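Computed from the coordinates by the stated procedures, all read-outs in this text should not be read as laboratory data. Fair warning: this is a prediction, and the values are worked out from it, not measured in the lab.
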Amino acid sequence: MRTAFMLLLATMIVCGYNSCRSRSLKKQFQASNSLIDTTFLIMEKTEAEWLAELGAEKYSVLRQCSTEPPFTGKYVDHHEKGRYRCAGCNTILFSSETKYDSGSGWPSFFDAIDKTKIVEAVDTTFGMVRVEIKCARCGGHLGHVFTDGPDPTGLRYCVNSAALEFDAEK
């Protein structure tokens, strides 16, 4: 798995890959000769449909890869028990069990509920190389994943609050 990821990463860097701003997610992975199966990408809407459904803030984050300012999102200091789902398609992504205070200013999780629900892609915007995370179902931009998180995974899924909805535990 790690070898496949490194191969994908190298391919995308060589190809000048910019995941956030260009083509659809499905086309991006086909163009990068990715080993990732993209047949699960089932939500295809026009940008006008996404904007009407999501509203300006969520559209800006999920479809245009914007980032909300740090410490402003509704889930930064959120401590209720429950699950976080994609605001674009309602796919369940994260649990309050893996949420922690990273001090970064965005909701942070050390693991996803099901990693097949999240697609990783290289993001080279702003002169940096980061790993972008997108919802596997709708292709919505969630944020980025970093390798400076706590045990047991060592990961920090740094997610925009605008990309999430929360369901409280009953």
Handout entry: Phi to ³J(HN,Hα) by Karplus 6.51 cos²θ - 1.76 cosθ + 1.60 over the stretch 82-89, Hz, x for Gly, Pro
Key = x, 10, 9, 10, 5, 6, x, 9
Handout entry: Anisotropy class of the stretch 53-170 from Cα gyration tensor, a/c 1.5 cut
Key = rounded
Practice task
Give the long-range amide H neighbours of residue 146: residues separated by 5 or more places, or on another chain, with amide H under 5 Å away, using H modelled in the peptide plane at 1.01 Å from N.
Solution key: 156, 157, 158
Handout entry: For the stretch 142-149, 3J(HN,Hα) per residue [Karplus equation, 6.51 cos²θ - 1.76 cosθ + 1.60, θ = phi - 60°, Hz, x = Gly/Pro]
Key = 9, x, 9, 10, 10, 9, 10, x
Completion exercise
Under 5 Å from the placed amide H of residue 66, counting only residues 5+ away or on other chains, we find 61
Handout entry: Placed amide H near residue 140: partners under 5 Å, 5+ positions off or other chain
Key = 135
Problem - Table column - 3J(HN,Hα) (Hz), the stretch 155-167, Karplus curve with 6.51, -1.76, 1.60, x for Gly and Pro - result: 9, 10, 7, 9, 10, 6, 4, 5, 8, 10, 10, 10, 10
